[in-house]
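Visitor: Before I ask anything, let me first share the structure, which is written out below as structure tokens.
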Amino acid sequence: MVFFLVNFVRFGGADSGHLLRLALRFVSVALGSSIFYCAGWPWVARAGHVGLLERVRRRLAGLSTPSARRAMVETAAVAAAIVGFSWLLLLSVKTEPSAAFRELFKSPDSLETRSGYVFLYVALAAVWEETVFRWYLLNRIEEALGGWRGAHWAAILATAAFWACGHAAVTVPFWVKLVQIFAVGCLLAWRFRVIGLSGCVLAHMTMNVAAFSLP
């Protein structure tokens with residue numbers, strides 16, 4: 001309520017109402033991420049994954065750990081590959097934001113330069129999506145498939161496909177975003193065992209930040 005009143009005074013009724021809706025989305029995303037994060041612990045722990053931040057923590061504590069430097073280098077490489085591929089695809093095929101995307105994020109237009117929009121797009125979207133798709137679903141599907149030889153790759157493809165479907169209405173033509181997100185999802189899921197949730201979030205945030213530089 002305080003958030004709404006402050007922004008009502010600052011921006012007027014239309015903008016403050018939109019900011020309130022963004023705030024409610026922040027809450028729902030944060031709550032959902034927490035649920036999936038907590039639920040994902042058993043499967044991630046059994047898989048024995050040691051991600052970027054855990055490697056750094058163990059290194060600082062003087063404990064035996066897989067290479068923290070390797071995880072940092074791979075996180076940077078994954079982020080660079082994602083940005084390069086995304087730019088190449090989105091610049092080579094003429095695309096524009098869909099009506100649904102504009103209504104959700106760019107209405108009113110002045111919100112493009114405000115912290116609420118940037119925070120939702122860059123930070124919370126990355127945390128929410130990586131927690132759900134790479135932290136939880138990837139490991140849950142892999143364990144559900146048991147000892148099947150192709151379980152890991154099936155889980156990679158499945159989670160990337162699920163993630164891509166959630167972006168189908170973002171661009172016109174719709175298939176461009178599907179291709180981009182599916183490819184990025186496969187790369188993140190493939191390297192999850194090394195860079196972990198933290199590395200995936202950092203790479204995802206890099207992709208979102210880079211999207212602001214596209215025409």
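Visitor: What helices (runs of 4 or more DSSP H) completely inside the range 8-125 contain at least 2 residues that are modelled with pLDDT of 90 or more and touching a His at 6+ places or on another chain (Cβ under 8 Å)?
Guide: Per the criteria, no element qualifies.
Visitor: Another question, then. For the range 142-166, name all the residues that are under 22 Å from LEU202 (Cβ atoms) and buried (at least 18 other Cβ atoms within 10 Å of the Cβ).
Guide: Within the range 142-166, ALA155, ILE156, THR159, ALA160, TRP163, ALA164 qualify.
Visitor: Does ALA169 satisfy the criteria of being farther than 11 Å from VAL78 by Cα and at pLDDT 90 or above?
Guide: In short, no.
Visitor: While we're here: Within the set of pairs 6 or more residues apart or between chains, which connect a residue that is closer than 14 Å to TRP128 by Cβ inside the range 193-215 to a residue that is surrounded by fewer than 19 Cβ atoms within 10 Å (Cβ to Cβ) and among the aromatic types (Phe, Trp, Tyr) with Cβ atoms less than 7 Å apart?
Guide: Sorted first by the residue in the range 193-215, then by its partner, the pairs are ASN208/TYR121.
Visitor: Moving to a separate point now. Can you confirm whether TRP190 is surrounded by fewer than 19 Cβ atoms within 10 Å (Cβ to Cβ) and over 18 Å from GLU142 (Cβ atoms)?
Guide: Spelling it out, it is not the case that TRP190 is surrounded by fewer than 19 Cβ atoms within 10 Å (Cβ to Cβ) and over 18 Å from GLU142 (Cβ atoms).
Visitor: Sticking with this one: Taking TRP148 and the conditions (1) over 21 Å from LEU52 (Cβ atoms); (2) out of contact with any His (no Cβ under 8 Å at 6 or more places or on another chain); (3) touching a residue at least 12 places away in the same chain (Cβ under 8 Å), which numbered condition does it fall short on, given that it satisfies the others?
Guide: (3)
Visitor: If only one of ARG25, ARG46 is surrounded by 13 or more Cβ atoms within 10 Å (Cβ to Cβ) and of a type in the set (Lys, Arg), which one is it?
Guide: ARG25
Visitor: Of everything in the range 34-76, what is more than 22 Å from the chain's Cα centre (by Cα) and of a type in the set (S, T, N, Q)? Give them in sequence order.
Guide: Result: SER64, THR65, SER67.
The values are calculated or read from the model by the stated rules, or taken from the named source; none is laboratory data. Small disclaimer: the values here were computed from a predicted structure and weren't measured. Methodologically, a virtual Cβ is constructed for each residue, glycine included, from the backbone with ideal geometry; neighbour enumeration extends over all protein chains shown.
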